[in-house]
Amino acid sequence: MKAEILDVEKAKQVFTDIIKNGGSPALLEYFGNQLIQTQVPRIAPNGTVKVKLTYTTVLKKRGDLIRLQMLNTNPKALMQPLKSASVTVNINSKEPIKNIYSPTHAINIVEKEGWDVAVEWKQENYMPKHPFVLYYQTTPEQVGASIVAHRELDEDGSFMMMLSPTIGQGAGKLTEADILPKDVVFCIDTSGSMLKDGKMEQARGALKYCVESLRDGDRFNIVDFSTVARHFQEEGLVQVDDASRAKALRYVAKLHARGGTAINDALELSLKHLGEDSDRLKMIVFATDGLPTIGERDPEAILKTVAKHNTEDVRIFVFGEGFDVNTKLLDFLALEHRGEADYILPEENIQQKISRFFDRVGSPVMTNLKITFDGVEVKDVYPPSIPDVFRGEQVILYGRYTGHGEKTVKVTGTVAGETKTFEYKLTFPELSEDDKSSFVPRLWAGKKVDYLLNELRKSSPGDMNEELVDEVTYLAKRYGIITPYTSYLMADDLATNGPIGQPMTATRPGFGRRQLLSRLADESKPAADGVVRESRVRDSKKLARYRSNSLRSGAAGALDAAVEEQLALSQKGGKKRSSLEAIRYIGSRTFYKRGKQWEEGTFDPSKDKTIKTIEIGSDEYLKLLNDDPRLAKYLALGAVLLKVKKTWYRVEARQRG
């Protein structure tokens with residue numbers, strides 16, 4: 001069976017003719033692409049025809065960054081999931097491979113014989129929401145840096161900057177000599193509550209795994225705490241060798257649960273053991289299943305004490321076990337000290353969670369990073385403190401910029417045991433010619449919303465900054481950012497009170513805002529009961545996952561998953577809803593379903609009073625499409641309210657007759 005490939009211009013004419021003659025605008029999703037035209041043989045009733053498509057394409061480089069796109073199947077309007085879908089990308093390169101990233105799908109990077117790098121993704125019952133997009137960089141530099149940027153007319157640009165050493169088994173691959181030594185204090189709760197549900201046994205197993213995973217050259221200590229804080233080594237840190245490992249494992253085997261929970265004393269003692277040595281990465285792995293009950297019990301006072309004593313930029317990685325923890329305390333221990341917080345639910349295994357975490361952070365390759373931008377003004381860069389890089393991972397930064405052109409970016413950090421500065425020439429576009437990088441503003445907005453919410457969480461209940469609330473509201477609605485906090489603001493955008501696709505019968509001005517402020521105020525108070533504590537833990541776990549997703553592949557796709565979680569919470573029984581029924585992320589715009597019409601997220605009925613109505617397939621409709629082919633993907637929604645330049649258009653179905 002042969003196929004004909006129509007070039008972009010011929011394909012545009014095919015689509016235009018279809019719409020002009022009353023065909024579905026959903027096909028405009030593919031407008032501006034080449035079209036493969038073929039004939040499928042006659043299919044017998046209940047028969048199956050399999051089509052295998054094989055083609056060759058030249059991969060284009062932008063700078064030293066390569067982009068692939070594939071799996072653009074099934075128009076979203078059909079709402080038809082695929083039984084299964086998978087992508088495998090095998091890569092060989094003469095130059096070292098860096099910065100492997102997919103904004104759309106949560107890929108796995110695996111070792112495969114004969115290939116420098118293999119990228120895999122697979123999902124059953126897959127509802128296509130985005131084409132599969134993959135970036136990777138090839139460069140001889142010791143550390144690779146690349147930028148993906150997007151800029152709309154009359155707006156600041158948004159950029160995503162990626163940094164990584166070599167990934168994979170090809171040229172320039174990392175060796176054990178590239179792994180930086182680290183100093184670690186394991187700070188483990190051994191209070192009486194750890195007797196429940198086998199938690200103490202699991203914690204011993206996790207600690208045993210971490211000690212066994214330490215490398216020669218690392219240094220460590222163990223602080224276990226209940227009513228008092230105790231330590232394995234009385235002063236300082238222990239150099240890792242066979243003898244110290246064996247001694248530590250004997251200490252771990254004797255740990256048992258008893259007494260109260262002296263969190264403040266344990267953290268102070270842990271920081272005391274991590275003395276002055278600016279050349280080494282220092283971290284505390286802190287795990288607790290309870291509230292502070294011994295010594296200082298005020299969470300705000302504990303945070304201030306830790307901030308005062310952490311003079312050596314110690315990273316604090318936090319695990320909350322179960323529901324009887326103070327999530328605000330644990331979240332900010334991590335957020336304010338360049339670490340991560342995660343929560344282990346009662347049905348999850350402590351040993352497995354902490355062991356997998358330590359596999360990640362046990363091999364640092366770049367630390368103490370600082371980045372400067374010359375010739376371009378950048379602002380709102382997130383995360384504010386640049387994370388360390390561990391083997392197999394990369395740093396991703398999001399920010400906004402003004403100015404344009406090829407600019408110099410300098411990166412300074414500890415690499416291979418030395419402090420080095422790398423200089424790169426990276427391009428910041430004046431205006432994006434297409435939407436290939438239009439996911440960047442949305443991911444930047446997600447990081448800024450998270451940052452602003454944390455600023456609000458730190459405020460006292462009577463001192464909430466209204467301007468921050470306004471900015472969170474605007475960004476969340478414009479870009480469709482759903483978190484346990486912004487869900488209050490978005491409730492009316494996603495919820496229905498009748499059949500799917502019907503709008504709320506009444507608007508509730510300011511309701512979501514009041515709900516958000518109430519939630520933030522309540523968080524400063526002790527949880528009233530177990531239900532509230534469980535809710536806080538589950539929400540903080542979602543936030544931790546959101547932060548993790550935003551710095552890894554699949555960040556854009558994860559936004560749809562967050563919407564579906566929220567829809568599930570509001571759905572009382574019945575069929576599970578797809579995010580496609582309520583919200584569409586298209587380019588850098590967001591559209592919400594309002595009755596039978598899609599509405600752009602920036603539309604404000606109190607301000608945007610002038611609306612021009614046109615029919616699908618009309619001369620004016622086709623002129624809009626011809627003047628700006630990039631509008632096609634929005635017009636594919638069918639009935640839609642959207643802004644074109646400075647005019648709002650309501651696009652309606654063609655009247656019959």
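The values are calculated or read from the model by the stated rules, or taken from the named source; none is laboratory data. Bear in mind that the values here come from a model prediction, so they are computed numbers and not experimental data. Glycine gets a Cβ as well: all are built from the backbone with ideal geometry, and neighbour counts include every protein chain shown. Accessible surface is based on the protein model in full, side chains and every heavy atom, while ligands, DNA and RNA are left aside. Shrake-Rupley method; radii C 1.70, N 1.55, O 1.52, S 1.80 Å.
Couple of notes before you dig in:
Here's the yes/no breakdown for (1) within 25 Å of Val238 (Cβ to Cβ); (2) surrounded by 20 or more Cβ atoms within 10 Å (Cβ to Cβ):
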{"site": "Val285", "(1), (2)": "yes, yes"}
{"site": "Glu296", "(1), (2)": "no, no"}
{"site": "Thr311", "(1), (2)": "yes, no"}
{"site": "Val325", "(1), (2)": "no, yes"}
{"site": "Asn349", "(1), (2)": "no, no"}
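- Among the residues of region 203-237, those identified as open to solvent by 10 Å² or more (accessible area, probe 1.4 Å), under 23 Å from Glu321 (Cα atoms) and not in a helix (DSSP H, G or I) are Thr227, Val228, Ala229, Arg230, His231, Phe232.
- Note on region 497-517: among residues that are modelled with pLDDT of 75 or more and open to solvent by 70 Å² or more (accessible area, probe 1.4 Å), the one that is nearest to Leu569 (Cα to Cα) is Gln515.
Condition check ((1) over 30 Å from Asp156 (Cβ atoms); (2) among the small types (Gly, Ala, Ser); (3) modelled with pLDDT under 95; (4) in contact with a Pro (Cβ under 8 Å, 6 or more places away or on another chain)) across all residues:
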position: Tyr343; (1), (2), (3), (4): yes, no, no, no
position: Glu347; (1), (2), (3), (4): yes, no, yes, no
position: Phe358; (1), (2), (3), (4): yes, no, yes, no
position: Ser363; (1), (2), (3), (4): yes, yes, yes, no
position: Ile371; (1), (2), (3), (4): no, no, no, no
position: Lys379; (1), (2), (3), (4): no, no, no, no
position: Val389; (1), (2), (3), (4): no, no, yes, yes
position: Glu393; (1), (2), (3), (4): no, no, yes, no
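- In the set (1) of a type in the set (D, E, K, R); (2) over 20 Å from Thr367 (Cβ atoms); (3) touching a strand residue (DSSP E or B) at 6+ places or on another chain (Cβ under 8 Å), the condition left unmet by Glu141 is number (2).
- Filtered by the rule that a residue be assigned to a loop (DSSP other than H, G, I, E, B), at pLDDT below 80 and of a type in the set (A, V, I, L, M, F, W, C), region 32-59 gives Val40, Ile43, Ala44, Val49, Val51, Leu53.
- Qualifying position, being surrounded by 19 or more Cβ atoms within 10 Å (Cβ to Cβ) and part of a helix (DSSP H, G or I), among Leu249, Leu269: Leu269
- The combined condition, being surrounded by fewer than 18 Cβ atoms within 10 Å (Cβ to Cβ) and at pLDDT below 95, is fulfilled by Glu113.
- Under the condition of being open to solvent by 30 Å² or more (accessible area, probe 1.4 Å) and in a helix (DSSP H, G or I), the residues counted in region 541-564 number 9.
- Hits in region 574-616 - residues which are in a strand (DSSP E or B), farther than 18 Å from Leu559 by Cα, open to solvent by 10 Å² or more (accessible area, probe 1.4 Å) and free of Cβ contacts under 8 Å to residues at least 60 places away in the same chain: Gln597, Trp598, Glu599, Ile611, Lys612, Thr613, Glu615
- Condition met for Glu141 (touching a Lys or Arg at 6+ places or on another chain (Cβ under 8 Å), under 23 Å from Glu418 (Cβ atoms) and open to solvent by 10 Å² or more (accessible area, probe 1.4 Å)): yes
- Residues that are among the acidic types (Asp, Glu) and more than 11 Å from Leu517 (Cβ to Cβ), drawn from region 460-475: Asp463, Glu467, Asp470, Glu471
- Only residues that are open to solvent by less than 10 Å² (accessible area, probe 1.4 Å) and of a type in the set (Lys, Arg) were counted across region 182-202, and they come to 1.
- Scan of region 81-107 for residues that are in a loop (DSSP other than H, G, I, E, B), out of contact with any Phe, Trp or Tyr (no Cβ under 8 Å at 6 or more places or on another chain) and not charged (D, E, K, R), ordered by number: Ser93, Pro96
- Just one residue in the set Thr288, Thr305, Thr261, Thr311 is over 24 Å from Asp359 (Cβ atoms), in contact (Cβ under 8 Å) with a residue 60 or more places away in the chain and of a type outside the set (A, V, I, L, M, F, W, C); that residue is Thr261.
- For first residues located in region 167-191 and at positive phi and outside any strand (DSSP E or B), partners that are open to solvent by 10 Å² or more (accessible area, probe 1.4 Å) and not aliphatic (A, V, I, L, M) and lie 6+ apart or on another chain with Cβ distances below 6 Å form the pairs Gly168/Asp116; Gly172/Pro96; Gly172/Thr166.
- Residues satisfying the stated conditions in region 518-540, i.e. within 21 Å of Ser459 (Cα to Cα), charged (D, E, K, R) and open to solvent by 20 Å² or more (accessible area, probe 1.4 Å): Arg519, Asp522, Lys525, Arg533, Arg536, Asp539
- All positions within region 7-22 that are modelled with pLDDT of 70 or more and small (Gly, Ala, Ser): Gly22
- Ala558 small (Gly, Ala, Ser), at pLDDT 90 or above and farther than 17 Å from Lys477 by Cβ: yes
- Cβ pairs under 7 Å, 6+ apart, first in region 511-524 and touching a residue at least 60 places away in the same chain (Cβ under 8 Å), second assigned to a helix (DSSP H, G or I): Leu520/Leu456; Leu520/Arg457; Glu523/Lys328; Glu523/Arg457
- Among residues of region 637-657, those that are within 16 Å of Tyr592 (Cβ to Cβ) and open to solvent by less than 70 Å² (accessible area, probe 1.4 Å), counted: 9
- The set of residues from region 407-456 being of a type in the set (Ser, Thr, Tyr) and farther than 30 Å from Met490 by Cβ comprises Thr408, Thr412, Thr414, Thr419, Thr421, Tyr424, Thr427.
- Any hit, region 607-622, residues being under 20 Å from Asn21 (Cα atoms) and touching a Ser or Thr at 6+ places or on another chain (Cβ under 8 Å): yes
- Selected residue (criterion: nearest to Gly275 (Cα to Cα)) from residues of region 175-208 that are among the acidic types (Asp, Glu) and within 31 Å of the chain's Cα centre (by Cα): Asp183
- Qualifying residue in region 163-173 (condition: among the basic types (Lys, Arg), out of contact with any Leu (no Cβ under 7 Å at 6 or more places or on another chain) and farther than 26 Å from Phe319 by Cβ): yes
- So Asp313, is it part of a loop (DSSP other than H, G, I, E, B), under 30 Å from Glu347 (Cβ atoms), of a type outside the set (A, V, I, L, M) and at pLDDT below 95: no
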